[in-house]
Each structure stands twice: as structure tokens, then as C-alpha cells.
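Engineer: Take this structure first; my questions come after.
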Amino acid sequence: MIARLDLAATADLKKALPHFAHGPVAHLSHLSPEQVVAYWLDEITEELADESSVAFAARGRELIEGLVLYADSPWDTKVVGRRIGSLKYVAEGDGARNSAVLDDLLDEVIRHAASCGMECLTCKVQPLHFAAIHALERHGFLLMDTILDFVFDFSRTPLEGISIPKRANGLTTRLARPEDLSEVLAVSEKAFANHFGRYNSDPKMPYGTATEVYREWVHSSFCGWADWILVAEIEGRIAGFGVWKKASTLEVRHALKLVHYNLAGVHPDFSGRGIYTVLAADGMQMTQSFARYLDGPVHVSNYPVHRALQKLSWRIAGARHSFHKWLKA
């Protein structure tokens with residue numbers, strides 16, 4: 001039976017989640033299963049407190065056997081100019097009878113999104129979650145890109161033990177100032193002009209969406225979304241930038257001890273001069289007193305960034321596929 005899940009049902013969910021695989025924060029492998037379940041339950045509860053979010057559950061005789069959580073995506077809707085929603089979780093328990101559980105849940109949530117006037121649904125799924133991937137594909141979701149989650153552990157690799165490449169002559173970094181916004185926006189536009197992320201790979205996205213996404217991301221960071229913005233300068237010109245963000249309230253509540261390296265860009269005029277590596281290394285130095293772990297998303301095809309982070313002892317700890325389904329052309 002598929003039924004809408006409300007806050008009153010969190011006790012049932014608490015019993016079911018230990019039987020669900022492919023939960024959140026999968027890249028933080030040091031967390032115990034109990035910690036992951038506690039975080040997951042709290043996150044779902046927090047999402048359901050927003051009246052635009054809806055969860056549907058497949059109820060078996062004894063336990064909830066599957067779950068799909070839907071939420072509006074106001075940021076995407078604003079930037080893209082089309083109404084976009086997100087499926088936060090497409091999950092089944094080990095007691096689920098077969099893949100029909102996920103199919104029934106997706107049928108229900110797609111109907112709900114369409115009734116709310118959504119034009120596009122997005123979903124991120126771990127690569128080994130084959131049941132969810134195949135169910136999404138059966139319902140017309142298309143793969144757009146894959147993101148790798150890199151993690152750095154300060155307790156495992158002290159900064160003084162890392163060999164940091166020598167920086168180019170005249171290259172310095174500093175915290176951004178409000179007056180740097182226009183120049184950083186210009187760097188972002190050049191840095192991501194030929195990027196290969198999901199906003200670029202989706203042919204149904206309005207023309208120019210990808211450029212506007214990164215532009216809005218930078219603008220939001222300068223307006224308080226980020227906690228630190230580092231800029232790299234060469235001869236008085238901003239050559240690159242890096243955006244860092246402290247752990248969320250939810251992450252702090254569950255003692256995840258994280259800082260996020262969310263975004264970085266280097267102007268093509270300065271490529272090949274180690275600017276990304278310097279921005280990452282200086283950011284690591286800046287944030288080490290705030291966290292035990294650093295994480296950052298990197299596109300699967302962004303090999304120069306892979307190499308730069310691995311030289312600084314970051315490791316690939318997880319991955320996520322991004323899927324889109326357009327409900328309206």
C-alpha cells in the first residue's frame with residue numbers, strides 16, 4: 001500500500017530505516033550505521049516540516065518497505081525559470097518484495113509533482129543503487145552527469161605531512177572582499193563556459209542556464225551563503241576563486257565535523273599554473289580548526305581537479321548520478 005507519510009509516522013520510519021541501504025552521507029565511511037540512521041531520520045523530519053515537501057511510503061505488513069521524498073527546488077526554479085522539484089530519496093528496504101515497490105512509489109510522486117505544476121524533476125542516486133537507477137529509467141528519467149565526492153581527513157593526514165607544490169611567481173591568495181564580486185563573476189563565466197555538468201548536458205534546459213547557475217552561485221556566496229571565499233591573484237588580477245562553507249545546523253547536531261569545499265573556478269588565461277591546487281591547499285589551512293573532515297563535489301570528468309586533490313591527500317569516497325525527468329516540454 002502506498003500512503004503519504006507525515007510527521008506522526010516517524011516512529012514507523014525509525015524502525016524501517018535500519019533496513020534501508022544507500023542512505024545519506026555515504027561518503028563519510030567513518031559513521032556507524034546508527035549515526036547514519038539518526039541523521040537520516042532527522043533530515044527527513046526536517047524536510048517534512050516544510051509544507052512543500054511530501055514523502056510517500058510503501059507499507060508492508062510489518063515495516064515500511066520503500067520511501068520517496070519530494071521537495072520543491074526554489075533555487076533551481078528561480079535560476080532556470082522553469083518549475084523544478086527534487087526527489088531527495090528513492091529507497092527500498094531489504095524486506096521489499098521486488099522492484100514494483102519503487103515503481104509504485106515513483107508513479108505516485110510523479111503524479112503529485114505534475115499536480116503541483118512542476119515541469120522537471122531531478123534526483124541524485126548512488127551508483128551502486130541499481131534498483132533505484134533502473135526504476136528511474138523505467139519512468140523516463142535520464143542520466144545527466146556523475147559527481148564524485150572527495151574527502152580529506154585531518155586526523156589521518158596532518159597538513160605538515162603533505163608536500164604542497166611550489167606556487168607560481170607572484171601568486172597570492174586572500175579572502176574576497178565585497179568589491180571583488182564583479183571580477184569573480186567574470187572569472188566564473190569564463191571558467192564554466194565549457195563545463196560538462198548536468199545543466200549543460202540536459203538539452204531541455206533553457207539556453208544559457210549553466211552560465212546563470214554558476215553566476216547565481218557566486219552571487220549567493222558573496223551575499224552570505226558561503227562562510228569563506230578565497231581568491232587567487234597574479235599581478236593584481238583575480239585568476240581564480242574557491243568557495244568554502246561550514247557544516248549545516250543538521251550536520252553540527254549530528255557531530256559530522258565537516259567543512260564543505262563547494263565551488264572553485266580558474267580563469268582559462270591562467271590554467272596550468274597550479275592555481276586550483278594553491279586555492280585548495282590554502283583553504284585547507286584556513287579551515288583546519290573548524291572541522292575534522294573536508295568534502296567537495298567534483299565532476300567525474302574533471303581530471304585535473306582529481307589529480308590536484310589527490311596530490312593533497314584527498315580521496316574519492318563516494319559518487320552520485322544526477323537524473324532529470326521533464327514533465328512538460
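The values are calculated or read from the model by the stated rules, or taken from the named source; none is laboratory data. Source: prediction; values computed, not measured. As a convention, Cβ positions derive from the backbone with ideal geometry for all residues, glycine included, and neighbour counts pool all protein chains shown.
Engineer: Which of the residues that make up the stretch 221-235 are more than 16 Å from the chain's Cα centre (by Cα), in contact (Cβ under 8 Å) with a residue 12 or more places away in the chain, closer than 17 Å to Pro178 by Cα and not in a loop (DSSP other than H, G, I, E, B)?
Structural biologist: Phe222, Trp228, Ile229, Leu230, Val231, Ala232, Glu233
Engineer: If you don't mind, another one. If you take the residues in the stretch 236-263 that are more than 18 Å from the chain's Cα centre (by Cα) and among the basic types (Lys, Arg), which one is farthest from Val36 (Cα to Cα)?
Structural biologist: Top of the filtered list is Arg237.
Engineer: Taking interchain pairs and intrachain pairs at least six residues apart, which have beta carbon atoms under 6 angstrom, with the first residue in the stretch 194-208 and of a type in the set (Phe, Trp, Tyr) and the second surrounded by 14 or more Cβ atoms within 10 Å (Cβ to Cβ)?
Structural biologist: Once the first residue is of a type in the set (Phe, Trp, Tyr) and sits in the stretch 194-208, its partners that are surrounded by 14 or more Cβ atoms within 10 Å (Cβ to Cβ) give Tyr199/Met205; Tyr199/Thr209; Tyr199/Ala210; Tyr199/Val213.
Engineer: Suppose we filter Glu212, Glu216 for residues that are at pLDDT below 95 and not in a loop (DSSP other than H, G, I, E, B); which single one remains?
Structural biologist: Result of the check over Glu212, Glu216: Glu212.
Engineer: Among the basic types (Lys, Arg) and in the same structural domain as Pro297 (by TED's automatic domain parsing): does that describe Lys166?
Structural biologist: It is true that Lys166 is among the basic types (Lys, Arg) and in the same structural domain as Pro297 (by TED's automatic domain parsing).
Listed here are the residues, each with its yes/no results for (1) crowded, with 19+ Cβ neighbours inside 10 Å; (2) at pLDDT 95 or above.
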site: Leu69; (1), (2): yes, yes
site: Thr77; (1), (2): no, yes
site: Leu87; (1), (2): yes, yes
site: Ala91; (1), (2): yes, no
site: Asp94; (1), (2): no, no
site: Asn98; (1), (2): no, no
site: Ala113; (1), (2): yes, yes
site: Met118; (1), (2): yes, yes
site: Leu121; (1), (2): yes, yes
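Engineer: Select from the stretch 209-219 the residues that are of a type in the set (Ser, Thr, Tyr) and in contact (Cβ under 8 Å) with a residue 40 or more places away in the chain and list them in ascending order. Let's see the steps before the verdict.
Structural biologist: Of the stretch 209-219, the ones of a type in the set (Ser, Thr, Tyr) are 209, 211, 214.
Matches in the stretch 209-219: Thr209, Tyr214.
Engineer: Filtering the stretch 284-329 down to residues that are of a type in the set (A, V, I, L, M, F, W, C) and closer than 30 Å to Met118 by Cα, which residue is surrounded by the most Cβ atoms within 10 Å (Cβ to Cβ)?
Structural biologist: Filtering the stretch 284-329 for residues that are of a type in the set (A, V, I, L, M, F, W, C) and closer than 30 Å to Met118 by Cα, the one surrounded by the most Cβ atoms within 10 Å (Cβ to Cβ) comes out as Phe323.
Engineer: Take the conditions crowded, with 21+ Cβ neighbours inside 10 Å and either small (Gly, Ala, Ser) or in contact (Cβ under 8 Å) with a residue 60 or more places away in the chain (or both) and apply them to His267. Does it pass?
Structural biologist: Answer is yes for this residue.
Engineer: Another one. Scan the stretch 119-140 residue by residue and report those that are closer than 21 Å to His27 by Cα and outside any loop (DSSP other than H, G, I, E, B).
Structural biologist: Scanning the stretch 119-140 gives Thr122, Cys123, Lys124, Val125, Phe130, Ala131, Ala132, Ile133.
Engineer: Additional query: State all residues of the stretch 1-53 that are within 20 Å of the chain's Cα centre (by Cα), outside any helix (DSSP H, G or I) and closer than 24 Å to Ile133 by Cα; if no residue qualifies, say none.
Structural biologist: The answer is Ala21, His22, Gly23, Pro24, Val25, Ala26, His27, Leu28, Ser29, Ser53.
Engineer: Further, regarding this structure: Would it be correct to say that Arg61 is among the charged types (D, E, K, R), more than 24 Å from Glu251 (Cβ to Cβ), in a loop (DSSP other than H, G, I, E, B) and out of contact with any Cys (no Cβ under 6 Å at 6 or more places or on another chain)?
Structural biologist: So Arg61 fits the description; yes.
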